[in-house]
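These notes concern the structure reproduced below.
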Amino acid sequence: MEQRYAHLYRLARGDQGTQGILTFFEHKVHTLELPWRDNQPNISCIPGGEYECDIRVSPRFGMVYWIKDVPKRSFILIHSGNWAGDVQKGYKSHVSGCILLGLAKGTLQRQLAVLNSRLAITKFMTHMEKQPFILKIIEKF
């Protein structure tokens, strides 16, 4: 079987999260991750680079993609949610290092967010056919 790829282009980062675009085949969705905090567990996005991803069943999120072999991290997933802010600075977050997908970006409760997240996850899972893939995270700022 031919190797599948997805590319996450990180475009901006701040205390309300790290914004990006995830491209796969001819499709794209918005991403939101935690701010960069030196890859510290639970408060930082993961380092840029190349990662193998595979399907995993999460007790909390159901069937999701698991980003494998992230240095000094475990159980990094691609799942639904809206916020990825720095909670130590008073922002809301639905992640502890994972990647959120959305069909759009915007604000919810005056905080940066990805929107229509469950639909974005469904679109991504459908087009990736729940097959393993390589995720390339590229920082563009």
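Each reported figure results from applying straightforward, stated rules to the coordinates on display, with no laboratory input. Being a predicted model, the structure only gives us computed values, none of them experimental. Glycine gets a Cβ as well: all are built from the backbone with ideal geometry, and neighbour counts include every protein chain shown.
A few comments on the model shown:
- Built from the Cα atoms of the chain, the convex hull projects on average onto 7.9 nm², one quarter of its surface area.
- Charge dipole (debye, nearest 20) of the chain; +1 at Cβ of Lys and Arg, -1 at Cβ of Asp and Glu: 400 debye
- Legend: calculated FRET efficiency, residue 55 to residue 28, from the Cβ-Cβ distance at R0 = 35 Å, rounded to 0.05, equals 0.95.
- For the range 39-132, GluC sites (Glu not before Pro) are listed when DSSP marks them as loop and at most 11 other Cβ atoms sit within 10 Å of their Cβ; the list is 129.
- In the range 11-63, trypsin sites (Lys or Arg not before Pro) in a DSSP loop with at most 13 other beta-carbon atoms within 10 Å: 60
- For residue 136, the aspartates and glutamates whose Cα falls under 20 Å of its own Cα, not counting residues fewer than eight places away in the same chain, are 2, 26, 33, 38, 50, 52, 54, 69.
- Measuring r between the beta carbons of residue 119 and residue 87 and using R0 = 22 Å, the FRET efficiency lands at 0.30.
- Angle in degrees between helix 117-128 and the longest Cα principal axis of the chain, rounded to the nearest 10: 20 degrees
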